[in-house]
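Comments concern the structure below.
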Amino acid sequence: MKKLSHLDEDPRAILEKESIESGNFRALIPGGWLRDMILERVEPGQTFRDYLPKSEHIGRSDLCLNQTPEEFFALIDSLLEKHKIKLIDINPKKANHFKKKKIMLMVAPVFIDLRKMGYTNYELTV
């Protein structure tokens, strides 16, 4: 895993430094609007590199660009499971500001793992 020193801090500090509270990482978890939209639009087997216009490759890692959305979301799901994070009672699409912060604190370990693997803040919070 990539060494990003601030990612070893308390999750609340990471949330602040990575600005994920204001981003859309919660939209990538199960039930998230962006996840649903991507899966509806992408052809099976199509990678992010194939799907996204070249202008949207900037700020994204080769790790992400070379994956299919199905692979990327399966990784997120496996990390949720690894960290024993259950999202049954949360609907990311209808979250108010307080609930968004709660969701982000819950899923921070997944975000941190993805960043350590080499995914960029940009591709996780767009």
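The values are calculated or read from the model by the stated rules, or taken from the named source; none is laboratory data. This one's a predicted model, so the numbers in the text were calculated from it and none came from an experiment. Note: ideal-geometry Cβ built from the backbone for every residue, glycine included; neighbour counts use all protein chains shown.
Tabulated values for the structure
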| quantity | calculated |
| --- | --- |
| Identity of the residue in the range 26-54, small (Gly, Ala, Ser) and not in a helix (DSSP H, G or I), that ends up nearest to the chain's Cα centre (by Cα) | Gly32 |
| Scan of the range 55-67 for residues that are more than 14 Å from the chain's Cα centre (by Cα) and among the hydroxyl-bearing types (Ser, Thr, Tyr), ordered by number | Ser55 |
| Residue within the range 87-96 that is of a type in the set (Asp, Glu) and either at pLDDT 70 or above or surrounded by 13 or more Cβ atoms within 10 Å (Cβ to Cβ) (or both) present | no |
| Count of residues meeting criterion [under 20 Å from Phe48 (Cβ atoms), of a type in the set (D, E, K, R) and either modelled with pLDDT under 90 or surrounded by 20 or more Cβ atoms within 10 Å (Cβ to Cβ) (or both)] in the range 101-126 | 3 |
| Residue list for the range 105-126, restricted to those being within 10 Å of the chain's Cα centre (by Cα) and of a type in the set (A, V, I, L, M, F, W, C) | Val107, Ala108, Val110, Phe111, Ile112, Leu114, Leu124, Val126 |
